[in-house]
1. Between a residue in region B:282-306 that is farther than 12 Å from B:Leu254 by Cβ and any residue that is aromatic (Phe, Trp, Tyr) and at pLDDT 95 or above, which pairs come within a Cβ distance under 8 Å, given they are 6 or more apart or on different chains?
2. For region B:324-340, name all the residues that are within 18 Å of B:Asp273 (Cβ to Cβ) and either touching a strand residue (DSSP E or B) at 6+ places or on another chain (Cβ under 9 Å) or of a type in the set (Phe, Trp, Tyr) (or both).
3. Quick test of your reading of the structure: B:Gln353 fulfils all but one of (1) surrounded by 20 or more Cβ atoms within 10 Å (Cβ to Cβ); (2) closer than 27 Å to A:Ala410 by Cα; (3) away from chain A (no Cβ under 13 Å); (4) not aromatic (Phe, Trp, Tyr). Name the failing condition by number.
4. If you take the residues in region A:250-259 that are farther than 17 Å from A:Ile309 by Cα and in contact (Cβ under 8 Å) with a residue 40 or more places away in the chain, which one is surrounded by the fewest Cβ atoms within 10 Å (Cβ to Cβ)?
5. Restricting to region B:379-400, name every residue that is surrounded by fewer than 24 Cβ atoms within 10 Å (Cβ to Cβ), assigned to a helix (DSSP H, G or I) and either charged (D, E, K, R) or within 7 Å of another protein chain (Cβ to nearest Cβ) (or both).
6. Can you work out which of the residues in region A:362-373 that are of a type outside the set (Gly, Ala, Ser) and touching a strand residue (DSSP E or B) at 6+ places or on another chain (Cβ under 9 Å) is nearest to the other protein chains (Cβ to nearest Cβ)?
7. Tell me, which helices (runs of 4 or more DSSP H) wholly within region B:147-258 include 3 or more residues that are in contact with a Leu (Cβ under 7 Å, 6 or more places away or on another chain)?
8. Sort through B:Ala408, B:Ala348 and tell me the only one that's closer than 30 Å to A:Leu90 by Cα, touching a Gly at 6+ places or on another chain (Cβ under 8 Å), within 7 Å of chain A (Cβ to nearest Cβ) and without any contact (Cβ under 8 Å) to a residue 60 or more places away in the chain.
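The values are calculated or read from the model by the stated rules, or taken from the named source; none is laboratory data. Quick caveat: nothing in here was measured; it's all calculated off a predicted structure. A quick note on method: Cβ atoms are made from the backbone with ideal geometry, for glycine too, and the neighbour counts reach across all protein chains shown.
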Number of protein chains: 2
Amino acid sequence: MPVFLDAQAADFEAAFTTLLGAKREDSPDVDAIVADIIADVRHRGDAAVIELTAKFDRLELTPETLRFSEDEIEAYCAQVSDADRAALELAAERVTAYHARQMPSDESWTDESGATLGWRWTPVSAAGLYVPGGLASYPSSVLMNAIPAKVAGVERLAIVVPTPDGVANPLVLLAARLAGVDEVYRIGGAQAVAALAYGTDTIAPVDKITGPGNAFVAAAKRRVFGKVGIDMIAGPSEILVIADKDNNADWIALDLLSQAEHDESAQSLLITDDADFGQAVAAAVDKRLETLERREIAGASWRDFGAVITVADLDEAAALSNRIAPEHLELCVADPDALCEKITHAGAIFLGQFTPEAIGDYVGGPNHVLPTARSARFSSGLSVMDFIKRTTLSKMTPEALKAIGPAAEALAISESLEAHGLSVRARLDALNK
Amino acid sequence: MPVFLDAQAADFEAAFTTLLGAKREDSPDVDAIVADIIADVRHRGDAAVIELTAKFDRLELTPETLRFSEDEIEAYCAQVSDADRAALELAAERVTAYHARQMPSDESWTDESGATLGWRWTPVSAAGLYVPGGLASYPSSVLMNAIPAKVAGVERLAIVVPTPDGVANPLVLLAARLAGVDEVYRIGGAQAVAALAYGTDTIAPVDKITGPGNAFVAAAKRRVFGKVGIDMIAGPSEILVIADKDNNADWIALDLLSQAEHDESAQSLLITDDADFGQAVAAAVDKRLETLERREIAGASWRDFGAVITVADLDEAAALSNRIAPEHLELCVADPDALCEKITHAGAIFLGQFTPEAIGDYVGGPNHVLPTARSARFSSGLSVMDFIKRTTLSKMTPEALKAIGPAAEALAISESLEAHGLSVRARLDALNK
């Protein structure tokens, strides 16, 4: 049974705070193991990667077979059904169109002092994308990570994907091809992250690594951060649905279950202004759980972390939502746009009852890599911005330097940074001669 | 003596690689100490902060005196000279004007399926800014961190600044006031970071912490990351000057020294297409080092990490610069705009001989918090973007769902995520009835 809370109850604040603070993830401490793996790959390169792949993935490779050949990729892609290919192509097209709009523009202007100021955006040169193997090997994640990189202009995009016992997912390889990925390596774990960060004889190093992974991958990403850039370390998925009574309870139940089925640590929350509707949704969840394929996982998530919260009105719903800062937020209410205006912290918002969150996982266009664990308070989902960086530009004329240089000199002196001041003063003296 | 390298020499590649890989920073391992401090502050709140401040800063505080009162701030501000105040005001005005242009716009559009897509930017609600105490207590850093936050629309901005033996820097307090900082606390170290991240009875928690600090502060920021957002962990400062022979050797020497004087681990590099000019600059550095106040620090930096590299032409200079990915890059050449076009990785570029880097530290307008240690390959300087986050928006119409829903369902099935598929299918079935 999930928790049922009434926002008007005397003990609500305590219960809600407990819900917000619930620790849903037990990360095993694998840092020492990962440190050894990274050191081994830095030291021995390909040999270490090959040895670790034999050990963990039961797969014997050579430097020549670390990378999928074009022919192999072609053969895997040919296994994909026409229907799945068409679906993946539509997804790729829509995600590309959305992300193309994210490219910011360069700016340059001359101010009243005569100084020319501005900035310029340039892409990361090379990026690496981690794709999990086995059950969680999602072609949609390949698109969501690779497309922003390619839209950003990343020249070289490499994927690492473990293939335990040599089994690869044809849809993952097709997604990589559709997204324009340049290199695909059949390796995984901390050793793959180390190879991308430091390079081996066969794998050139990259500048940025993104993509989801298990505890070993997450620990490896944390360790190589600084040497390369990384994306966020994602936690278990979450959804919050705000729904009024004029909704189909079964649809809302399925939306809640579509997060719950990801992971026993996932969290599905419903906020409604109608207690009876909340009960109806909970009943619909139970009914669907009778037959759902992943009912063990989804049932555990709903039982341990699910909640139905009844509020007095939608303003109260918005206020609670902003404290939750959900990864995914569905607004299934009569006027979703009006409610949307009141939301200040959320990774992605899905407006209206015809926008199930699953649309955003695949074909909506926005990215499905989103901030979890309340981090939407301070961070954003994956985007083109993660694969570009800004260089600021300044150009003084002699007149501009005369106008603003003395202030720089004064501040340098106040900070006891003499050479800073002198670098300005020497020029001013020459100009004032 | 710095290193002198000739890019045409047979052993250049090896020497340049060594230069790139030079480890300039020995971070003491303070992680265990910091973990204890954070746990103590989480557990005992104000009492722990007060006790640690007495121990490390030799300052006895109470919950009432943790925060500077408005009257105290007023009294400190009154100590600032008119000239320094005017300089700080000019800096604040110019930095504000530059950063105001960084605010991205919200977008919304309807695509051919009838779906309305877009995104919205919202500010972080509360941010905390760490300001070092003692010698490195720079008012310019207060402006550079606080102004982007305030331009972004951060409602509550708190500063922590240690005041060893009770000594505060009037310019730091004036900078805080000019930048619109809401709260200033006289605490520092890991305990201040913990107080900002987790809150105490007196200090409300924030969502994001930025600003420079020593090894303890850096370790504390790493530890609270996830609970709150943090900015980059900055390393020692660096400058690369690319200069042709038509420059004043003394000006270039002062530019190199203005980084070297920060820190013995700072790095100052010159690339020139004229070996004689390189020698002239090195001689000018030596001459300035005879009298410079911070000659011990600047001399050690220049001796241990400085380099003068002679190249065949400016294309080669650009190529080497892109491998260095410098924090600060000066282009002191006849046509700096043309050379600038060839630069792909740099934190900030200063164009032409009348733009000493020190201008950018204070009054140019761009931020002086920039990526160090080659991280300009994948990251940007501090900006308004660090204090806002993007929420993606999707709204399907029944027609849009009919158009793209089946593809989402197909992909969900291919990923064995049944509830995802059903959440779309249930709606499609109702619409198709």
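1. What qualifies is B:Ala282/B:Phe4.
2. Correct list: B:Ile324, B:Pro326, B:Leu329, B:Glu330, B:Leu331, B:Cys332, B:Val333, B:Pro336, B:Asp337, B:Leu339, B:Cys340.
3. If we test B:Gln353 against (1) surrounded by 20 or more Cβ atoms within 10 Å (Cβ to Cβ); (2) closer than 27 Å to A:Ala410 by Cα; (3) away from chain A (no Cβ under 13 Å); (4) not aromatic (Phe, Trp, Tyr), just (3) comes out false.
4. The selected residue is A:Trp251.
5. B:Pro398, B:Glu399, listed by residue number.
6. Among them, the one singled out is A:Pro366.
7. B:170-179
8. Only one candidate qualifies: B:Ala408.
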